[in-house]
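The values are calculated or read from the model by the stated rules, or taken from the named source; none is laboratory data. Everything numeric in this text was worked out from a predicted model, so none of it was measured. Positions of Cβ are backbone-derived with ideal geometry, glycine not excepted, and every protein chain shown enters the neighbour counts. Areas reflect the complete protein model, heavy atoms only, side chains present, ligands, DNA and RNA absent. Shrake-Rupley method; radii C 1.70, N 1.55, O 1.52, S 1.80 Å.
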Amino acid sequence: KLAIHFPSEEILLVTASPVIKAVTNFKQISKVLEEFDVEEQPSTMLENRFPNIKVIECGVKQLKSEEHCILTEDGSQHVYKKYVLGIRDTDSAQEFQKQLTNAKRIMIIGNGGIALELAYEVEGCEVIWAIKDKAIGNTFFDAGAAEFLTSKLIAEKPEAKIAHKRTRYTTEGKKKEAETKINAGNVGSALGPDWHEGLNLKGTREFSHKIHIETMCEVKNIYLQKEFRISKKKSLTFPRDHQNELVTTDKEIWPVYVELTNEKIYGCDFIVSATGVTPNIEPFLCGNNFDLGEDGGLRVDDHMHTSLPDIYAAGDICTASWQPSPFWQQMRLWTQARQMGWYAAKCMAAASLGESIDMDFSFELFAHVTKFFNYKVVLLGKYNAQSLGSDHELMLRCTKGQEYIKVVMQNGRMMGAVLIGETNLEETFENLILNQMNLSSYGEDLLDPNIDIEDYFD
C-alpha cells in the first residue's frame, strides 16, 4: 500500500525470514468481512512488482528513535523519514536531493557557506531562510557585500553558471545496498568545494526561484503536524514580497512547522540544518589526554603536532595554537583543510628523517576562493578587519550586478580584501598585502576603475 501511495519514495521492508507472507485469492464478502489465502513467497516477488520496495533480510537489533534509524543484526543502520536534515557530507547531500524532489517548501537554518549555496541553488521549491544575523553570509561578508549579493538572490537565475576548473572525483559502481546505510551515526566523506555540482536540487514547483529571508531569529520550536494542530497556533503563508508585508494565515497542511524566535511560524516539508561544523574529536579522546583549544579542537603547534607524541592533526579537527601571521586566521574551510593536510604530511616526513622544516608559505596569508550566487568570491588576509581594532579604514568599489570590491587598509598598507565578481585583482592584492607597500599616496585612486592597477603594480 505504501509503495502505491508513494511511488517516488523508497520503502524498506525489514524481515528476518527469506520469505514473506503474501495475500492471495482476496475476496470482499461484505462491507467488513474479507476472505483470502496466505502464501509464503520469496521476497524478490515484492521487489519485482514494486521497484521502490527494498527487502532487507536481517533481524532488527535496535531502534534509535531520536536518530530516525534502525540498527540491524548485520551492523547496518537504515534511516527512515525525518524532517530535519543536516547537510554535512556527500551522503547527506544525496539524501537532501532525494527528499527535495517531493518538496514544495523547505526551511534553511544557518548562515554559513553551505546555507548560502543552498539558498541560491534550490529551484522549484519555496525556501524560507532563517538566519540569526542582520545580513546573509555574516561569516564571509559585511553588510555592504551582503546587500550586493541579496539583490542577486531574490532575482531569477537566467544566466549560465560559472564553469569550474577544479578537478572533481567521483566513485563508480556504488552498490545500491550501500545507499541505505546513510545515517546519523556514520559520517561520510566531506562535501568540499562545488559539492552541489551534479545534484539536481529541484522541488515539485514549476517556478525557478522563490526565497524569503527571516533575519535576527533562531528556531524556537519544531512541531510535527499533529502537535501543531493540537497547539491551535497559526502558520503564515509564503510572503509575496521581500518587505514581508503581505502575509496571511496558511491554510495548507504541512508535515512539519517551525516557530522562530520572532514569533513567526512557517510550515514546510522538511528543515535543512546548515549551522556550521564542530571538531569531531570524540573518537580520539577516550584514554588520551589531548590539549584542546578554546573552540574544542585538538591543539597543534607550528608543525601540526598535537600534545601527544607522534600524533598529528589537520583540518577541521585541529586548532592552530601557534602565533599566526598578521594576515592569516584559521577558518574551517576546505581550502585550509587541504593546506593543513599537505603541510602535516611534510612535517611527518621531515620528523621521520630527522630533518627541520620551515612553516609552509600558505600560512603567511589567508586566501580563499569560492563561488556564491554564481559570482566568483575571493577573500584575502584580514578581509573583514579581523582583530585589527578601530584604527583601520575601508575602501569600496561597487558596480551593481557585476562586482564588489572592498579593501581593508591600516596605516596606509593593505591588510585584506573581498573581491566579488571577475575583478582580476586577486594576484595584485595578494602581493600588496604580503609586501606591505605604503599605499597612502594613491588614496582612492587605488580602486579607480579607469586605472589599471594590475599593470601599475606588476
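I need a count of the residues in segment 262-309 that are under 30 Å from residue 102 (Cβ atoms) and assigned to a loop (DSSP other than H, G, I, E, B). Give the steps one after another, and end with the answer.
Taking segment 262-309 first, the residues under 30 Å from residue 102 (Cβ atoms) are 262-277.
Those still in the list that are assigned to a loop (DSSP other than H, G, I, E, B) too: 262-264, 269, 274-277.
Number of matching residues: 8.
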Among the residues of segment 296-315, write down those that are in contact (Cβ under 8 Å) with a residue 40 or more places away in the chain and either open to solvent by 60 Å² or more (accessible area, probe 1.4 Å) or under 23 Å from the mean Cα position of the chain (by Cα) (or both). 302, 303
Test: residue in segment 419-428 that is free of Cβ contacts under 8 Å to residues at least 60 places away in the same chain, open to solvent by less than 30 Å² (accessible area, probe 1.4 Å) and under 26 Å from the mean Cα position of the chain (by Cα): yes
Got a number for residues in segment 59-77 being at pLDDT below 75 and either open to solvent by less than 20 Å² (accessible area, probe 1.4 Å) or under 17 Å from the mean Cα position of the chain (by Cα) (or both)? 1
Look at residue 382 and say whether it is among the basic types (Lys, Arg) and either touching a residue at least 60 places away in the same chain (Cβ under 8 Å) or in contact with a His (Cβ under 7 Å, 6 or more places away or on another chain) (or both). no
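Look at residue 322 and say whether it is of a type outside the set (Asp, Glu) and not in a helix (DSSP H, G or I). Before you say what the answer is, go through the steps one by one.
Details: of a type outside the set (Asp, Glu): yes; not in a helix (DSSP H, G or I): yes.
For residue 322, the condition - of a type outside the set (Asp, Glu) and not in a helix (DSSP H, G or I) - is met.
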Where residues in segment 121-131 are out of contact with any Ser or Thr (no Cβ under 8 Å at 6 or more places or on another chain) and either in a loop (DSSP other than H, G, I, E, B) or open to solvent by 10 Å² or more (accessible area, probe 1.4 Å) (or both), which of them is nearest to residue 149 (Cα to Cα)? 121
Scanning segment 322-335 residue by residue, the ones that are over 12 Å from residue 359 (Cβ atoms) and free of Cβ contacts under 8 Å to residues at least 24 places away in the same chain total 1
All-but-one check, residue 451 against (1) in contact (Cβ under 8 Å) with a residue 12 or more places away in the chain; (2) open to solvent by 30 Å² or more (accessible area, probe 1.4 Å); (3) more than 20 Å from residue 327 (Cβ to Cβ), failing number (1)
